[in-house]
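> First, the structure itself, so that you have it in front of you.
Just so you know, all these numbers are worked out from the coordinates, no wet-lab data involved. What you see is a predicted model, and the numbers here were worked out from it, not measured in a lab. In this analysis, Cβ positions are derived from the backbone assuming ideal geometry, glycine residues included, and neighbour counts consider all displayed protein chains.
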């Protein structure tokens, strides 16, 4: 396990990170709900769609940020597995 893997693993389990993730999700859900209410009351359909697009873009950005440590860990683990399972190129095998 590399230092980066260990650091990311520690980050994803850290109480502060879990608190940040929980708060971020709660905050975004509240804002998206409020934006949908505002959009539903908007008389101009184009303005309503723009409000929804902005909220969805912010939600997607937050979800991407929150998912990054786990995504990076998967990439590192897959790369580690790929290098460990490479066949021997020697004509003598595993001698």
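> Give me 59, 13, 77 sorted ascending by neighbouring Cβ count inside 10 Å, so fewest comes first.
Details: 59 17, 13 9, 77 12.
So the residues, fewest neighbours to most, are 13, 77, 59.
> Now, a different point. Assuming a ≥ b ≥ c are the square roots of the Cα gyration tensor eigenvalues, decide whether the chain counts as rounded (a/c under 1.5), prolate (otherwise, with a/b larger than b/c) or oblate.
Values: a/c = 7.47, a/b = 2.54, b/c = 2.94.
Note, shape of the chain comes out oblate.
> Continuing with the same structure: Using Cβ contacts closer than 10 Å as the measure, can you line up 6, 43 from fewest to most?
43, 6
> Taking only DSSP H segments of four or more residues, each worth -39500 (n - 2.57), what value at 222 nm results for the chain once the sum is divided by all its residues, to the nearest 500 deg cm²/dmol?
Details: 3 runs with 78 residues, N = 95.
Value at 222 nm, helices only: -29000 deg cm²/dmol.
> Before anything else, pin down the relative contact order of the stretch 4-69: Cα pairs under 8 Å, at least 6 apart, normalised by residue count, whole percent. Show your work: numbers first, answer last.
Working: 27 pairs, mean separation 24.3, N = 66.
Value for the stretch 4-69: 37 percent.
> Right, next: Give me 66, 56 ranked fewest to most by other Cβ atoms within 10 Å of their Cβ, as a rough exposure proxy. Mind showing how you got there, number by number?
On the way: 66 17, 56 13.
Result, fewest neighbours first: 56, 66.
> Using Cα atoms only, what is the angle between the long axis of helix 15-41 and the major principal axis of the chain, expressed in degrees (0 to 90) to the nearest 10?
Result, in degrees: 40.
> Calculate the FRET efficiency for residue 78 and residue 38 from the Cβ-Cβ distance with a Förster distance of 41 Å, rounded to the nearest 0.05. All intermediate terms of the calculation are to be shown ahead of the outcome.
Details: r = 42 Å, r/R0 = 1.04.
That pair, residue 78 with residue 38, gives E of 0.45.
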